[in-house]
Amino acid sequence: MASCPLFLLVPRPPPSLVGADRCPGSAGCSDLPTSCRPHPGRRHGYPFRCNSSSSSSAPRERPPRQRPGGRGDAIDPVGFLTKLGVSDRAFAQFLRDRHKALKDRRWELCSRFIDLKEASSGFELLGMHRHRQHRIDFMEWAPGARYCSLIGDFNQWSPTENCAREGHLGHDDFGYWFIILEDKLREGQEQDEYFFQEYNYVDDYDKGDNGIDADEIMRRMKEEYWEPGEIRSRQSQLEMVVKLYEQMFGPNGPQTEEELGEIPDAQTRYNEFKASQKADSSSQPSYDIIDNGQEFDIFSVVTDRASFEKFQAKKPPLAYWVEMRKGRIAWLEKYVPTISHKDKYRVYFNTPDGALERIPAWAAYVLPDAEGKQSYAVHWEPPPEEIYKWRFGRPKVKGSLRIYECHVGISGSEQKVSSFQEFTSKVLPHIKKAGYNAVQLIGVVEHKDYSSIGYKVTNYFAVSSRFGTPDDFKKLVDEAHGLGLVVLLDIIHSYASADELVGLSLFDGSNDCYFHSGKRGHHKYWGTRMFKYDDVDVLHFLLSNLNWWVTEYRIDGFQFHSLSSMLYTHNGFSTFTGAMEEYCNQYVDKDALIYLILANEMLHRLHPDIVTIAEDATFYPGLCEPITQGGLGFNYWVNLSIPEMWLWHLENVPEQEWSMNKIIKVLVSSNQNMLSYVENHNQSISGRKSFAEIILNSRECSVGSVDDNLIRASSLLKLMKLITFTTSGGAYLNFMGNEFAHPEKVEFPMPSNDYSFELANRQWELLDKVFHKHIFNFDKDVMSLDENERIISRGPPNILHCDDTSMVISFTRGPLFFIFNFNPQVSHQSYRVGVDEAGEYQLIFNTDETKYGGCETLKSSQYMRRTSDKRADGCRNSLELALPSRSAQIYKLVRILRI
């Protein structure tokens, strides 16, 4: 992407997201003019209620709207620039223009969907859903189609049997198609007495089968719920209207204005009404509305406290109305489901270019057919007694995120595609044992090409059928929550698969349905499609997709993959220097930035504990800043420079020539809210080698034995892991297998290897080997140390010593003191380094211990060290420490000495 190594670019990541546990942005419609906000009772393009400023009636005074408290409430589109000390006028103007465009985009969304909650809840309507009125509703967005129907096993794949009705009931102006699949009446059964008879299908599915008819339920409700005088039976809903009409316009009514007379004032009419009431009317609530000439609103109601409290204590008679629904048994006796559980289906379109068959965009489960040539959507509606029932609540992580990244398909040791069930039973306990508190899953969303690792997504609302069913994935997430693990999902909204038969490309026959048309709609190098982020319906799809995974599968957060592909029209493949001008020039996609803001705003508003992580190789400014201060609202950003820096040193620089200053500059250049890792799946997959493979092969080490070369190799790997972990900004990531130095890369089945699964697995049996067991013990104890000492959730590291000659680095984080000796040959018996605080420091971690494959050079008498008043590294106090070669130590200040 860049003309120089990525790690040499000084990253400009954003400072911390203040108040990450709450919504970083403002309300969905808070920036709209109060006179032009959509009426809360209107939906989907209905008219608005707008109050003209030129109206003759004076506006009523309302209490000022309260904003959430805390920092960042006042909207300042360039607020974070002041915090960072950036004074670039062009970029500041770009942020102001982007904020104006953001308000316009919010207005567009609110004009269609009221607020962000509704705009992100499309999965409640679109796709296939069981309706209570013995039917199934299907809705799809295809503005370029002229005809829409469902075909599948349930109708012998007929394109005419189940189609959308003509007119607005089947197709609206926005391109949404609506199809109703009525359940089939069994032979010998009669139609329901009531047209809108409802049935319990899922919730309380055993209710309604007690044989009580509607008349009996109405009688019980009248006798058990309503008190005497509260309700009066009427023969017709128009009874009151008829009486009023007869009184005014009947033969005995006034014939002229003189006979009509003057209408008494409100108080007189009220007194006459009270006098006409019967003596036993005291049981009625005393809700009296007095017309005092003011415009009516709810504050005009006069009531007594007793009747108010009595009314408030009553609960609505919903239980009686629910009982009016018939049960599942009654439904199965009367009807045959129009489409059964696990039936295959597709959507059929008639377009200007001919007929098309597509997988519905909102399908929740997709399966390939027997030949593997074409996929089908699967209607997933298990019986209610078989639906997965959640057992555990969502865990809350206090402190740092220690993320274990994994791919379900390669998580087994056998040469095959592993399943959700195998991952749940075998890998999740290992993750917990290893000390991680979060698991990040890649390749879970349905994709046609397995060799793409899951990044060429075809069906955004479906879990990959290669690994199991939706209920299998729910069990995986639930069991992870039971172990206290947060579940994160690697989400790909930066591009999509270009597959036309299975994916979204040319979905309705047009080239601009979900994606840009022309060159902008295609990724320059990956052959994928680029979303049209300025389209309201595309935003509706993407926002709903995020909310779907959190609502349906209880996902706890997302890592947004490859943001540079969507933020720039050159897809991030351009010479990049990090200058501010490159963040606001003509190649920046402002619509993509606005989508990310809306996504973070929606997620943090609806799900306050959600975690969002930005993976951006260009370190776009403001990634983790609050939205109200001009940021994008993420919780963490990924420092992609760190693994590139380690790889560059391993492959190009002899160990004795490593520069400590270059290493520490990349590690701590901007530490706040930074997710660090030594290597993730990119180092193990993508045609590369794992770092363990590079280090071991470079030293011609035998994997199964413990010799001097092997000890030295493991020491370097431990140093790289420990310094990366201890300098991270609150989050750390490890790819599956790297915690025990997996020696081989991952290679998915593809034509170049004859679709072999030989390298598409993890060798868990290596945990019994001495070398790998030592590395695993080291990694596990580092995670445990962070759990106890909260290392990476403290403030940023304070670098005290960094010497390229001796290859020694030291820094502090709170009461913890860290020192690293990268020198491959030289050990120091007495190395002096400065410290800020005078006192006694206790050794709490040493990479040279024998249980980690070290030599145990330090003696027990050297575990407690006391400072001296000799100055070093600009500090008033210093420590003299023994530093074996290629080793690191962590000390804790246990006693402060006052001088």
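Computed values, structure above
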| read-out | value |
| --- | --- |
| Test: residue 248 is within 29 Å of residue 192 (Cβ to Cβ), in a helix (DSSP H, G or I), of a type in the set (A, V, I, L, M) and modelled with pLDDT of 75 or more | no |
| Residue list for the range 548-582, restricted to those being touching a helix residue (DSSP H, G or I) at 6+ places or on another chain (Cβ under 6 Å) and in a helix (DSSP H, G or I) | 548, 553, 566, 567, 580 |
| Tally, over the range 871-893, of residues that are of a type outside the set (D, E, K, R) and farther than 16 Å from residue 852 by Cα | 11 |
| When residues of the range 174-202 are limited to those that are among the acidic types (Asp, Glu) and touching a residue at least 24 places away in the same chain (Cβ under 8 Å), the one surrounded by the fewest Cβ atoms within 10 Å (Cβ to Cβ) | 182 |
| Matching residues in the range 775-796 - criterion: being hydrophobic (A, V, I, L, M, F, W, C) and part of a helix (DSSP H, G or I) | 775, 776, 778, 782, 783, 785 |
| Condition check for residue 504: in a strand (DSSP E or B), assigned by TED's automatic domain parsing to the domain that holds residue 543 and either touching a residue at least 60 places away in the same chain (Cβ under 8 Å) or surrounded by fewer than 22 Cβ atoms within 10 Å (Cβ to Cβ) (or both) | no |
| Residue 405, sole failed condition from (1) outside the structural domain of residue 740 (by TED's automatic domain parsing); (2) of a type outside the set (S, T, N, Q); (3) not in a helix (DSSP H, G or I) | (1) |
| Residue among 590, 665 that alone is in contact (Cβ under 8 Å) with a residue 24 or more places away in the chain, outside the structural domain of residue 524 (by TED's automatic domain parsing) and closer than 28 Å to residue 87 by Cα | 665 |
| Boolean, residue 766 is surrounded by 14 or more Cβ atoms within 10 Å (Cβ to Cβ), in a helix (DSSP H, G or I) and at pLDDT below 95 | yes |
| Considering residues of the range 173-226 that are of a type in the set (Ser, Thr, Tyr) and within 42 Å of the chain's Cα centre (by Cα) only, the residue modelled with the highest pLDDT | 176 |
| Residue check for residue 490: assigned by TED's automatic domain parsing to the domain that holds residue 549 and more than 25 Å from residue 635 (Cα to Cα) | no |
| Boolean, residue 541 is under 17 Å from the mean Cα position of the chain (by Cα) and either under 21 Å from residue 139 (Cβ atoms) or at pLDDT 95 or above (or both) | yes |
| All positions within the range 104-132 that are more than 17 Å from the chain's Cα centre (by Cα) and among the aliphatic types (A, V, I, L, M) | 109, 114, 125, 126, 128 |
| Number of the exception - residue 493 against (1) surrounded by fewer than 23 Cβ atoms within 10 Å (Cβ to Cβ); (2) at pLDDT 90 or above; (3) part of a loop (DSSP other than H, G, I, E, B) | (1) |
| Pair list, Cβ < 6 Å and 6+ apart or interchain, from the range 421-439 residues that are at positive phi to residues that are of a type in the set (Lys, Arg) and in a helix (DSSP H, G or I) | 435/780 |
| Residues satisfying the stated conditions in the range 843-869, i.e. under 17 Å from residue 723 (Cβ atoms) and without any contact (Cβ under 8 Å) to a residue 12 or more places away in the chain | none |
| Candidate set from the range 846-860 (those that are surrounded by 15 or more Cβ atoms within 10 Å (Cβ to Cβ) and in contact with a helix residue (DSSP H, G or I) (Cβ under 6 Å, 6 or more places away or on another chain)); member that is nearest to residue 878 (Cα to Cα) | 847 |
| Candidate set from the range 84-135 (those that are aliphatic (A, V, I, L, M) and part of a loop (DSSP other than H, G, I, E, B)); member that is surrounded by the most Cβ atoms within 10 Å (Cβ to Cβ) | 126 |
| Strands (runs of 3 or more DSSP E) wholly inside the range 797-899 that include at least 3 residues being touching a Lys or Arg at 6+ places or on another chain (Cβ under 6 Å), under 25 Å from residue 780 (Cβ atoms) and outside the structural domain of residue 661 (by TED's automatic domain parsing) | 839-846 |
| Any hit, the range 736-747, residues being in a helix (DSSP H, G or I), at pLDDT 90 or above and of a type outside the set (Phe, Trp, Tyr) | yes |
| Selected residue [out of contact with any helix residue (DSSP H, G or I) (no Cβ under 7 Å at 6 or more places or on another chain), surrounded by 14 or more Cβ atoms within 10 Å (Cβ to Cβ) and under 28 Å from residue 757 (Cα atoms)] from 381, 422 | 422 |
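The values are calculated or read from the model by the stated rules, or taken from the named source; none is laboratory data. Keep in mind that what you see is a predicted model, and the values were worked out from it rather than measured. No Cβ is skipped: glycine too gets one built from the backbone with ideal geometry, and neighbour counts run over all protein chains shown.
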